[in-house]
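K.L.:
Take a look at this one; I'll ask things after.
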Amino acid sequence: MHAEDARYMARALRLAERGMATTQPNPRVGCVLVAGGQVVGEGWHMRAGEPHAEVHALQQAGVRAKGATAYVTLEPCSHHGRTAPCSEALIAAGVTRVVTAMEDPNPLVRGRGHAQLRAAGIALTEDVGTAAARALNPGYIQRMTQGRPRVTLKLGASLDGRTAAADGASQWITGAQARLDVQQLRARSGAVLTGSGTALADDPALNVRLPGHGIAPDGRVVAWHQPLRAVLDRRLRLAPRGRLFGPGGRLLVYTAESAAPDRMQVLRAAGAEVIALPEPAGPAAALAHLAGLGVNDVLVEAGPTLAGAFLAAHLVDELVIYLAPSVLGNGGRGMFELPDRVGLDARIRLRILEVRAVGEDWRVRAAPVQQETEAP
């Protein structure tokens, strides 16, 4: 790999990061066009249905794209969706070389974009900056290869592992900086999921409330992406009021087929989309439905019952735990409700990915060891 290729691909990857909170369900992609040793065009994908990174870069380059090298963080798409194929756009512009970081795992593309470029006589270099490109889109890769979204389980707790005090109070265990960090997690997710118990006890909004805005490659001001809000509610205990029924993304309520039809109608009349799942109407079924909606990343913000259910079912890809410098004691609520595990051999082992300070709290990122080999 030439040093020049690595340098321009690194720039394309930085551009792709600008779409971290806006591209769902599409992948985050950046593109840089280089001619005569100079960048003549660059762009990144902002939103589904809008121009892809290659198109933005070609528009900026204009006639200078002819004879240029394109650095793209993902194989150019080769099919007609809401936008035209980027492989065709690169060919029509007269690009003579394309450098990509990774093949697109989407079955509609997977190798076809590369094949089209080669067939047009364009020189192709693959797998430049692959690890960084995959790290940009773990949820997209997982949905395309495994058929389910990537799940991040978020928890806030005291140093002794309590998510609520003995009287049930949980707002706020962690500080303002940790809560702002959670907003960033939400913004990068296609859906935020909780259980009916948490919805009733805490009245969460589960929406993105970040200051500022996003900026599109053409300079437009774009509002923050609002993820879907999903509630697992087998018995339809949710009341048609509260912050979940306020501003934010679509509200989906997952329940069992046996749930009362009149309760379903009440929630639908209040604006919720009620989805009756076949038994067992649990986390796995909800994730399958969300994958069908194009959701790449799911953030689970739930109490110990649902958190334990996700962990026990091996549906958690990453845990993000915010630890506050406080102790709540034995009467406080724990982080997980799990079946009894006797002996160290029965423990659920985690691999620590990162530990860092976030304001006055500590953020611990970890992954279940049994899923380590499955991660993209």
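The values are calculated or read from the model by the stated rules, or taken from the named source; none is laboratory data. On a predicted model such as this, the values are computed, not experimentally measured, just so you know. Positions of Cβ are generated from backbone atoms using ideal geometry, with glycine treated the same way; all protein chains shown enter the neighbour counts. For the accessible areas, the whole protein counts, side chains as well, though only heavy atoms, and no ligand, DNA or RNA atoms are used. Shrake-Rupley method; radii C 1.70, N 1.55, O 1.52, S 1.80 Å.
K.L.:
Scan the stretch 1-47 for residues that are in a helix (DSSP H, G or I) and of a type outside the set (A, V, I, L, M, F, W, C) and report the count.
P.N.:
Result for the stretch 1-47: 7.
K.L.:
Can you find a residue that is in contact (Cβ under 8 Å) with a residue 12 or more places away in the chain, open to solvent by less than 10 Å² (accessible area, probe 1.4 Å), under 22 Å from LEU293 (Cα atoms) and in contact with a Ser or Thr (Cβ under 7 Å, 6 or more places away or on another chain) anywhere in the stretch 42-49?
P.N.:
Yes, the stretch 42-49 has at least one match.
K.L.:
With farther than 15 Å from ALA133 by Cβ, modelled with pLDDT of 90 or more, in contact with a helix residue (DSSP H, G or I) (Cβ under 9 Å, 6 or more places away or on another chain) and not charged (D, E, K, R) as the only criterion, which of GLY67, GLY43, GLY30 stands out?
P.N.:
The conditions single out GLY43.
K.L.:
Is it the case that some residue within the stretch 163-172 is under 21 Å from ALA230 (Cβ atoms), in contact with a Lys or Arg (Cβ under 9 Å, 6 or more places away or on another chain) and among the polar types (S, T, N, Q)?
P.N.:
Yes: one or more hits.
K.L.:
Kindly list the number of the only condition in (1) among the charged types (D, E, K, R); (2) in contact (Cβ under 8 Å) with a residue 12 or more places away in the chain; (3) exposed (fewer than 13 other Cβ atoms within 10 Å of the Cβ) that fails for ASP262.
P.N.:
The one condition ASP262 does not meet is (2).
K.L.:
Name, by its number, the condition in (1) at pLDDT 90 or above; (2) closer than 12 Å to ALA187 by Cβ that does not hold for HIS225.
P.N.:
Condition not satisfied by HIS225: (1).
K.L.:
Right, here's the next one. I need every pair where a residue in the stretch 93-111 that is within 18 Å of GLU4 (Cα to Cα) and in contact (Cβ under 8 Å) with a residue 40 or more places away in the chain has its Cβ under 8 Å from the Cβ of a residue that is of a type in the set (Gly, Ala, Ser) and surrounded by fewer than 16 Cβ atoms within 10 Å (Cβ to Cβ), sequence separation at least 6 or different chains.
P.N.:
If the second residue must be of a type in the set (Gly, Ala, Ser) and surrounded by fewer than 16 Cβ atoms within 10 Å (Cβ to Cβ), the pairs left are VAL95/GLY67.
K.L.:
Further question on the same structure: So, ALA239, is that one modelled with pLDDT under 90 and of a type in the set (Gly, Ala, Ser) or not?
P.N.:
yes
K.L.:
For residues that are among the charged types (D, E, K, R) and buried (at least 17 other Cβ atoms within 10 Å of the Cβ), scanning just the stretch 12-39, find the one that is farthest from THR96 (Cα to Cα).
P.N.:
Once the filter is applied, the top-ranked residue is ARG18.
K.L.:
I'd like to know if the stretch 281-303 contains one or more residues that are over 19 Å from THR145 (Cα atoms) and surrounded by fewer than 16 Cβ atoms within 10 Å (Cβ to Cβ).
P.N.:
No, the stretch 281-303 contains no residue that is over 19 Å from THR145 (Cα atoms) and surrounded by fewer than 16 Cβ atoms within 10 Å (Cβ to Cβ).
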